Amino acid sequence: MPIPFWINERGYSGTPNRSEFEAILASFRTWENVPTANVHFDYQGTTTVRSVARDGINMISFADDSTPLGSSTIAVTFSYFRTTSNSIAFDESDIVFSTALDFSTSGEANKFDIQSVLTHEIGHLLGLDHSGLVSSVMVPFSQPSQVHQRTLA
């Protein structure tokens, strides 16, 4: 701790005033604000890296057009691990949003909410799996315009 992360410099072109950057930072703060957890993140700034790779950085990207995602995939977290002395250690995670879908930061109709989606994906970065509880941020599906997954319950 803290876990460093970078945001691809392109951001998401469909949001006004680069509001996607604040939505990303708010998603990380959501996890940091859990009073019983000792998790901290360190925003390192923007990067030109836009594609998933084992390169030593935890990257958030809306611009990865080289990683094939399924047609129903909203975003995905790719995590890398290493073996050390009979144990497995976390190395890094990259989170990429689908380039085929529309996103917003305002709960706009027919667009997926960046903060909600990323709060879910950060759960994967932290090692969480999907939950069967519909009210959980870790439920394995979302709908456009949903903002309730911005908060943890």
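Quick notes on this one:
- Our summary gives segment 6-153 a relative contact order of 23 percent, counting only alpha carbon pairs under 8 angstrom and 6 or more residues apart.
- Looking at segment 54-111, the DSSP beta bridges with both ends there are about 75 percent antiparallel.
- Per-atom-type breakdown for segment 65-153 gives carbon and sulfur 52% of the accessible area (1.4 Å probe, protein chains only).
- FRET E, pair Leu128, Ala100, Förster distance 30 Å, beta-carbon r, rounded to 0.05: 0.75
- Kirkwood hydrodynamic radius of the chain, Cα pairs, Å: 15.8
- Each part reduced to its alpha carbon centroid, segment 90-153 and segment 55-74 end up 14 Å apart.
- The chain, helix-only ellipticity at 222 nm - DSSP H runs n ≥ 4, -39,500 (n - 2.57), divided by all residues, nearest 500: -5500 deg cm²/dmol
- Antiparallel bridges, percent of DSSP beta bridges restricted to the chain (to nearest 5): 45
- Dipole magnitude (debye, nearest 20) for segment 11-136, charges at Cβ of Lys, Arg, Asp, Glu: 80
- Between Ile3 and His40, Phe41, Asp42, the built amide H atoms are under 5 Å apart, and every one of these is 5 or more places off in sequence or on another chain.
- Paramagnetic label zone (point 7 Å from Cα along Cα-to-C-beta, Tyr80; backbone N under 12 Å) in segment 28-55: 51-55
The values are calculated or read from the model by the stated rules, or taken from the named source; none is laboratory data. Quick caveat: nothing in here was measured; it's all calculated off a predicted structure. All Cβ positions, glycine included, derive from the backbone under ideal geometry; neighbour counts span all protein chains shown. The accessibility values were calculated without ligands, DNA or RNA, using every heavy atom of the protein model including side chains. Shrake-Rupley method; radii C 1.70, N 1.55, O 1.52, S 1.80 Å.
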